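K.L.:
Starting off with a structure, shown below.
The values are calculated or read from the model by the stated rules, or taken from the named source; none is laboratory data. Just so we're clear, the structure is a prediction, and the values are computed from it rather than from any experiment. Here the Cβ positions follow ideal geometry from the backbone for every residue, glycine too, while neighbour counts run over all protein chains shown.
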Amino acid sequence: MPKTADIAELSRLIGQEIGVSDWITVDQARIDSFAHATDDHQFIHVDPEAAAPSPFGGTIAHGFLTLSLLSAMSYQVMPEVRGAAMGVNYGLNRVRFISPVKSGARIRGRFVLVDVSETKPGEITFKLNVTVEIEGQEKPALVAEWINRRYLDGAS
């Protein structure tokens with residue numbers, strides 16, 4: 001995958017896998033930090049003893065924690081758009097949490113470029129299909145259609 005690309009080069013990649021991120025460990029400390037940041041302290045996330053008899057056998061990551069790691073994963077695989085001054089997360093069209101991420105598991109993102117367009121002069125919009133895989137598991141943690149924007153230097 002190129003490190004940088006313009007819209008024409010990116011358009012040729014539509015339908016292709018852009019890349020696969022490195023593995024990220026989702027340990028209990030990360031889960032606890034996310035619980036603190038979001039005030040979501042449900043026992044299934046933060047209390048290993050109470051979560052042990054659950055169907056998961058222990059604590060699991062918040063679905064939104066897994067989703068929030070898409071940004072870090074995408075930085076590893078997405079080419080920079082030549083001339084872009086900044087990029088923003090524009091949102092998601094679809095998200096499904098397929099399998100729980102158990103504390104201590106490793107996850108990675110697999111990114112497929114679905115669409116790229118110049119929404120208006122100087123504004124590039126990407127649609128990506130993202131699958132977050134769990135190491136050693138057949139079913140993914142989540143699947144999503146994610147939208148990102150890049151704004152070119154001098155765009156109004």
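K.L.:
Tell me which residues, restricted to the stretch 91-108, are polar (S, T, N, Q) and within 14 Å of the chain's Cα centre (by Cα).
P.N.:
Within the stretch 91-108, 93 is the sole residue that qualifies.
K.L.:
To continue, here is another question. Tell me, yes or no, whether the stretch 34-44 has at least one residue that is surrounded by 12 or more Cβ atoms within 10 Å (Cβ to Cβ), among the hydrophobic types (A, V, I, L, M, F, W, C), in contact (Cβ under 8 Å) with a residue 24 or more places away in the chain and closer than 30 Å to residue 123 by Cα.
P.N.:
no
K.L.:
Could you tell me which residue of the stretch 110-145 is farthest from the chain's Cα centre (by Cα), considering only residues that are closer than 16 Å to residue 16 by Cβ and crowded, with 20+ Cβ neighbours inside 10 Å?
P.N.:
The extreme case among them is 116.
K.L.:
For residue 10, indicate whether it is touching a residue at least 40 places away in the same chain (Cβ under 8 Å), buried (at least 17 other Cβ atoms within 10 Å of the Cβ), out of contact with any Lys or Arg (no Cβ under 6 Å at 6 or more places or on another chain) and over 22 Å from residue 140 (Cβ atoms). Give the derivation first.
P.N.:
Numbers: touching a residue at least 40 places away in the same chain (Cβ under 8 Å): yes; buried (at least 17 other Cβ atoms within 10 Å of the Cβ): yes; out of contact with any Lys or Arg (no Cβ under 6 Å at 6 or more places or on another chain): yes; over 22 Å from residue 140 (Cβ atoms): yes.
For residue 10, the condition - touching a residue at least 40 places away in the same chain (Cβ under 8 Å), buried (at least 17 other Cβ atoms within 10 Å of the Cβ), out of contact with any Lys or Arg (no Cβ under 6 Å at 6 or more places or on another chain) and over 22 Å from residue 140 (Cβ atoms) - is met.
K.L.:
Scan the stretch 61-78 and tell me whether some residue there is in a loop (DSSP other than H, G, I, E, B), modelled with pLDDT under 95, at negative phi and not aliphatic (A, V, I, L, M).
P.N.:
Taking the stretch 61-78 and keeping what is in a loop (DSSP other than H, G, I, E, B), we get 61-62, 69, 78.
From what's left, modelled with pLDDT under 95: 78.
Adding the requirement that they be at negative phi leaves 78.
From what's left, not aliphatic (A, V, I, L, M): none.
No; the residues of the stretch 61-78 include none that is in a loop (DSSP other than H, G, I, E, B), modelled with pLDDT under 95, at negative phi and not aliphatic (A, V, I, L, M).
K.L.:
Given the criterion closer than 18 Å to residue 152 by Cβ and modelled with pLDDT of 95 or more, identify the matching residue among 125, 38. Give the derivation first.
P.N.:
Numbers: 38 fails: closer than 18 Å to residue 152 by Cβ.
Just one listed residue meets the conditions, 125.
K.L.:
Can you confirm whether the stretch 13-27 contains a residue that is loosely packed, with under 12 Cβ neighbours inside 10 Å, under 18 Å from the mean Cα position of the chain (by Cα) and within 27 Å of residue 102 (Cα to Cα)?
P.N.:
Yes: one or more hits.
K.L.:
Go through 37, 85 for me and flag whichever is part of a helix (DSSP H, G or I) and aliphatic (A, V, I, L, M). It would help to see each step written out before you state the result.
P.N.:
Values: 85 fails: part of a helix (DSSP H, G or I).
The conditions single out 37.
K.L.:
Then there is this: Condition first: free of Cβ contacts under 8 Å to residues at least 12 places away in the same chain and not in a helix (DSSP H, G or I). Now tell me which residues in the stretch 45-59 satisfy that. Before you say what the answer is, go through the steps one by one.
P.N.:
Restricting attention to the stretch 45-59, the residues satisfying the condition of being free of Cβ contacts under 8 Å to residues at least 12 places away in the same chain are 49-55.
Residues satisfying the conditions are 52, 53, 54, 55.
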